[in-house]
Structure formats: C-alpha cells, structure tokens
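Report on the structure given below.
Readers should treat all values here as calculations from the given coordinates under stated rules, not as data from a laboratory. Model, not experiment: these values are computed from the prediction. Cβ: placed from backbone, ideal geometry, glycine included. Neighbour counts: every protein chain shown.
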Ligand code: DAT
Ligand code: MG
C-alpha cells in the first residue's frame, strides 16, 4: 500500500487548521500511520527542501517553515500520493480550485498551509527525514473492507 508524507505548516497550526486537514484525509478513507508535532530547525528544513536550494524564494521558505510548530504525518492508501496532492490544490493558493485545502484556506504562496509529497520517491525520502521506523504504526483499519472493494 502506498504512503505519503503530509505536514500542516506553521500557518496552518497557528490558524487551528490541523484537525480540519487531518479530518479531510480520514474522511476520504485514508489511514493515518504516524502523526506528531515538531519544530523544524534549519538543517532539517534545508534537507527537506533541498530541491529548491538556490531559488529566489528559498530563504523565505526556510524561515517560514522554521517559524513555528508543524504537524507531520504519514498517510497510507491506494494512490494516496496523487490523491492528497489533488486534495491540497495548486501550490499557489490563488490558483487552487475551491474545495481544495489551499483553495479553501489560502491566499499567498508563502502561506499555503500544507505540504504533501509529490511522488512515491519523494514520499519515501521525506518519511525517512521526519520519522523513525518505530513511529510508523502497523495496524488494521477496521473499516478497510468498506473503503476498498
Ligand atoms: P508544493 O508545496 O506544492 O509541492 P513546491 O515543491 O514547488 O510546491 O514548492 C515548495 C514550497 O515553496 C511551496 O509550497 C511554496 C514555496 N514556493 C514554491 N514556488 C514558489 C514561488 N514561485 N514563490 C514563492 N514561494 C514558492
Ligand atoms: Mg513540493
């Protein structure tokens, strides 16, 4: 089963949107396999956003993501990486479709509430950056047969 890494960014935590974001994924039927809050420090931020190093917005991105606590999670389900990207909406909230997370709660690109891995390979890399194996829980979702046929 596929896994993805999701994070409610500091603006989402400050605005009290952690429950709202998690609830959307739970209601969709996805399984939460890890969840914790942490404060990201510069070293982890730079590694997480390594692909953006050197871009003009990199410094602002690192200072934003390290500016307060985040809620980090690992979510499991069929095609979960792409589905959660769709549920998040476009990177620029102004272009995100209404009903998506960013299209419901966001305006500026530098305050776009949520992160989600963009591919299964990114997910594997990001999960390893933020979690140790023992934090990824292996359990049966009681409603599983009612979610997957
Ligand atoms: P996403 O978060 O949708 O995966 P990304 O990986 O391209 O988007 O960029 C990571 C974050 O960097 C994004 O959530 C917000 C910021 N960002 C991206 N492009 C930007 C831009 N052109 N100007 C300012 N910030 C940007
Ligand atoms: Mg990205």
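Brief remarks follow.
- Distance between modelled label sites at residue 49 and residue 128, nm, 7 Å Cα→Cβ extension: 2.3
- Difference of contour (0.36 nm per residue) and Cα-Cα distance, residue 86 to residue 142: 17.6 nm
- With the helix formula -39500 (n - 2.57) applied to DSSP H stretches of n ≥ 4, the chain reaches a computed 222 nm mean residue ellipticity of -10500 deg cm²/dmol.
- When only Cα pairs below 8 angstrom with a gap of at least 6 residues are kept, the chain shows a relative contact order of 34 percent.
- Tensor-based shape of segment 21-149 (alpha-carbon gyration tensor, a/c under 1.5 rounded, otherwise prolate or oblate): oblate
- Additional length obtainable on full extension of the chain from residue 78 to residue 97, 0.36 nm per residue less Cα span: 4.6 nm
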